[in-house]
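Contents: one structure, followed by commentary.
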Amino acid sequence: MTKQGFREKRWHVVGNGRSFSIFLVYALLTLFMTWPTVVELGQAIPGQLGDAFVHLWIFEWLKTALLNGDNLFQTQLIFYPTGVSLLNHNIAWVNFALWLPLQALFGGEIAYSISFLLIFPLNGLAVYLFVKELLPVGRIDNPTTGAETAAFVAGLIAAFWPYNLSHHDHPNLILVAWVPLAMLFMARLVQRRRWTDALLTGLFVALIGLTRWQLLLMAAPLLALWGGWLLWQNRPLPLKLLLPRLLLAVGTALLISLPFFVPLLRYQMSRTDPEAVLVEERAYATDLAAYVTPGSYHPLWGEAIMPITQGFEGNPIYVRFVGFAALILAGLAAWRRWRRSRFWLLATAVYLLLALGPTLYLAGSPTIPLPYRLIDGSFLLQTIRFPDRFNVLLGLPLSVLAGLGMMVVLERPFPQRHRILSTLLISGLILFEYANQFAMLSLATPHWFQQIAASDEEFAIVDIPAFSNEAYNKQYMRYQLVHQKALVEGRVARPPESATAFVEGVPFLDNLLTSKVPPTDLADQSQQIEQLAEANVQYIVLHRQFLSEEELAAWRSWFVRAPIYEGENVVVFSTDRLDLKTAVPWQIQLPNPVGNGEIGLLKLNYPSQLAAGEWLTIQTVWGSTEPIGQDLTVCLQLQNATGDLADQRCQPVSGSWPTAQWQANEIVRETYNLPIDPFAAGGSYQLNFQLVDEAGMASAATAVGPIEVAALPRTFTPSQPEFEQTAVWQNLLQLNGYDLDPTAGQLTVTLHWQALARPDRSYKFFLHLINTATGELVAQADYIPRDWTYPTDWWAAGEFVVDTAVLPLNDVGSGTYQLLLGLYDPDTGQRLLATSEDSSTPMDAISLTEISR
């Protein structure tokens, strides 16, 4: 580089005809590099994670707000009815400016794709202009063509930089054209000191921020390094001439930026949760191996590479591959043009270290700490979120190095046709290495949303699932562009706590923050739905594409009513209050002891078969046509085949929503648990429901269905232990012997018991292994027999029970150990006393044997 850094005699005009031709070439190549975007215009938009839907939604909102004179930064179309501020959202102002005139010609969806496609030729053109002016006059027949050819190759790398090409969900992050243009006019400002250069420098710096504030933070190190380099290279400087122009550049940037930035700053300072701007998440970095691993979306080798890159550090959906052609050109520049490459090598190193993050990862394995740790955790870096994002700008210094390397190639004394062939070959290789199967997001919309779009009525809907995965909400915002009805859910960057106030105030909705299935602990179903209806949320929409068959079935079961619409993509329920007299048939109607209106079961679900000792879980949905006025009790009864009452449990119809609070057409869910006597005889039983009023007056019992109960299998013949030993615990339980199975790392003990009488409580057993030399307890097991499934109060008198316990021995060293056995009451901790055949003296534990290791 010359002392001034740029050529002094020939200044290129940004908008000349040759530059426009270069732009058209990049644009044409973009159609192939982003295939199939161009053939799916109007059917899909570029994107993978759904953020593109949010950008499109924001664009449409800004347009509508501008036309209607509404507040650009506040909307109730999402997070209804509270609404949400958009000030903390990364509004892509420059992308919006590109989109706005295009949508008037092509419509919003096609305009989004076109404005997205424009990013790549703009990036390429900006680097082309910058590098063309940076490069020196070469020793070739046509120096202008040589510089422009090298600049074209540099622009090609910048235009289709793989990281940006794969980062298609964030158009306002990958539009980096303003950075090289700002650097271009910074250089002109320092060297020519013209007022227009100062104005354009300020303009392009402002455009970086208006594209995305995070992008301005990420570009700051490069701009600062470049500014310092220019001042150093052009010393001594006429400060009296330069300083006013520098102030003009700064003033221009502030004048353009502050109207957009000040509202954001004020909002952030006034938030009750300003710390929410810093998202708690894993700040993934870049794996060094990713830079030399070909892209995982390449049409030829992508499928083979994907399993490799998925093991790397960082989000596997983004491609960090630099390209071997670009690396070779950059290496050639460093070798043959060291002095001119110094700054760009420094800038490349800085952004490489930033992108690698606090720890160097190599093929997925952490190795050594990196300098990033010195600044990790700072506020500015936390707002950028991921060190990996610095890869967006890594392509700029590397593309300049590649341009310098290309000049080395073109300066060789070869015939013109050889230089042309070399340029075509290198450009083709770069494009081939960067080839990418572009991800697209379908614009298909369920038919029901098109139906409600025809209605002029204003209301809101809630989509399910929502909130538990932000990708759902992005899709719903896309659908809203069609139906134009408010959404209870939504997606914006860093929403304030108030955005979900309504959701958190309705338990039914609050459940959706973390779950895709209906709440199981909410009794007052009709009241939950009523809160939605009162807020003018008229419909609940289940999305088949985001729900499994089991989840969809759970929602169908939860809703008592039938859906008002059922299509291939969505199932829709209304929030209108049902008239239980006509709308829903009773599954079982019960006599009402109060006498006013009808009461009964709209849904009933319980297992038809179970074993003695198990719990009978009964899921019910109650309904009443009129207010009850008092608290009712329901008695759950099991009646055996002879008509006798085998078991009964009475409890409030609803513990959380008492019947005294029920209104007309109330719908209440409740779950009951009835224990089956472990000594119940096997056979058929009848389940009855009986209602009792506050005065104790009971209605007639109503049979709701049969149940088959299997008696517990019991053994009344003694088993044969390996080692016979008799001990008796308080005339309740008798040990007849035991088996031992010592294996690697554990000791399995099988105990042979007999119940002398029926125990009235569940006792816990313990096995202790004691070091005979030190008295230390080295291993133990405390348990309920048969892996906690057969407590002693289930044992019948005279029954023989074989039970197995395991003692872990991994930490037990060599020596002699005594194995002790005992029982205790878990409620009091009191041990039961035992006598053995060797001693009639009661003991709280007996010795089974000694074990040597």
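The values are calculated or read from the model by the stated rules, or taken from the named source; none is laboratory data. From a predicted model like this one, the values you see are computed outputs, not experimental measurements. Don't worry about glycine lacking a Cβ; one is built from the backbone with ideal geometry, like all the others, and counts go over all protein chains shown. When the accessible area is computed, the model is the full protein with side chains, heavy atoms only, and any ligands, DNA or RNA have been set aside. Shrake-Rupley method; radii C 1.70, N 1.55, O 1.52, S 1.80 Å.
Shape analysis of region 676-828 based on the Cα gyration tensor places the equivalent ellipsoid semi-axes at 42, 18, 15 Å, largest first. For residue 682, neighbours were defined as the other residues whose beta-carbon sits under 14 Å from its Cβ, and their charges (Lys and Arg +1, Asp and Glu -1) total -2. Using the Cα gyration tensor of region 101-259, with a ≥ b ≥ c the square roots of its eigenvalues, what is the shape: rounded (a/c below 1.5), prolate (a/b larger than b/c) or oblate (neither)? Oblate, because a/c is 1.5 or more while a/b does not exceed b/c. Between the helical axis of 108-134 and the longest alpha-carbon principal axis of the chain there is an angle of about 50 degrees. Average accessible surface for region 363-434: 45 Å² per residue, computed with a 1.4 Å probe over protein heavy atoms with every protein chain in place.
Arrange the peptides 116-123, 86-93, 298-305, 358-365 so that the one whose residues have, on average, the most other Cβ atoms within 10 Å appears first.
Values: 116-123: 23.8, 86-93: 20.9, 298-305: 14.2, 358-365: 16.0.
In descending order of packing, they fall as 116-123, 86-93, 358-365, 298-305.
Couplings 3J(HN,Hα) of region 549-562, computed from phi: 4, 5, 5, 5, 5, 5, 5, 4, 5, 5, 7, 6, 6, 8 Hz, in residue order, whole Hz [Karplus 6.51 cos²θ - 1.76 cosθ + 1.60, θ = phi - 60°; x for Gly and Pro]. Classified by the C-alpha gyration tensor, region 451-551 has a rounded form. Its axis ratio a/c, with a ≥ b ≥ c, is below 1.5. Summing Lys and Arg as +1 and Asp and Glu as -1 over all other residues whose Cβ lies under 12 Å from the Cβ of residue 361 gives a net charge of -2. Restricting attention to the chain, lysine pairs at least eight places apart or on different chains and with alpha-carbon atoms under 29 angstrom apart total 11. Here the alpha carbons of region 13-161 define both size measures, Rg and Dmax, at 19.3, 70 Å. Could you tally the net charge around residue 196, taking each other residue with its Cβ under 13 Å from the Cβ of residue 196, Lys/Arg +1 and Asp/Glu -1? Once all neighbours under 13 Å are counted, the net charge is +4. Distance between the C-alpha centres of region 534-563 and region 595-615: 23 Å, rounded to the whole angstrom.
For region 557-662, the set of trypsin sites (Lys or Arg not before Pro) satisfying both a DSSP loop assignment and a count of at most 13 other C-beta atoms within 10 Å is given as 581. With contacts taken as Cα pairs under 8 Å and at least 6 residues apart, region 433-572 reaches a relative contact order of 28 percent.
Please work out which option in [x] 28.0; [y] 33.6; [z] 30.6 gives Kirkwood radius over Cα pairs in Å calculated from these coordinates, and answer with its label. Checking each listed value against the structure points to [y]. Using only the Cα atoms of region 595-730, build the gyration tensor, take square roots of its eigenvalues as a ≥ b ≥ c, and label the shape rounded, prolate or oblate: rounded if a/c is under 1.5, else prolate if a/b is larger than b/c, else oblate. In terms of gyration-tensor shape, prolate. Projecting the Cα positions of 393, 691, 71 onto the charge dipole of the chain (unit charges on Cβ atoms of Lys, Arg, Asp and Glu, taken about the Cα centre) puts 393 furthest along the positive direction.
Note on residue 220 and residue 458: with the Förster distance fixed at 30 Å, the Cβ-Cβ geometry gives a FRET efficiency of about 0.10. Using only helices, what value at 222 nm comes out for the chain when you add -39,500 (n - 2.57) per DSSP H run of length 4 or more and divide by the total residues, to the nearest 500 deg cm²/dmol? The helix-only estimate for the chain comes to -12000 deg cm²/dmol at 222 nm.
Could you work out how much longer the chain between residue 598 and residue 617 gets when fully extended? Use 0.36 nm per residue separation minus the Cα distance between them, nm to one decimal.
This chain segment gains 4.3 nm when fully extended.
Each residue, residue 195 and residue 416, gets one label point 7 Å from its Cα in the Cβ direction; the gap between the two is 4.4 nm.
Using the Cβ-Cβ distance between residue 447 and residue 631 with R0 set to 51 Å, the FRET efficiency works out to roughly 0.65. The order of the peptides 385-392, 761-768, 775-782 by mean Cβ neighbours within 10 Å, most packed first, is 385-392, 761-768, 775-782.
Net charge dipole, the chain: roughly 7880 debye, given to the nearest 20, about the Cα centre with Cβ charges of +1 for Lys and Arg and -1 for Asp and Glu. Rounded to a whole number, what % of the accessible area of region 447-540 do carbon and sulfur atoms account for, probe 1.4 Å? Carbon and sulfur atoms account for 42 percent of the accessible area of region 447-540.
For region 668-688 versus region 82-121, the spacing of their alpha-carbon centroids is 62 Å.
Between the Cα long axis of helix 213-233 and the first principal axis of the chain there is an angle of about 30°, rounded to the nearest 10.
Using packing as a proxy for protection, rank 73-85, 33-45 so that the peptide with the highest average count of other Cβ atoms within 10 Å comes first.
With the highest mean Cβ count within 10 Å placed first, the list reads 73-85, 33-45.
Axis angle, to the nearest 10 degrees, between helix 195-211 and the longest C-alpha principal axis of the chain: 20 degrees.
Stretching the chain fully between residue 796 and residue 840 yields a gain of 13.3 nm (0.36 nm per residue, less the alpha carbon separation).
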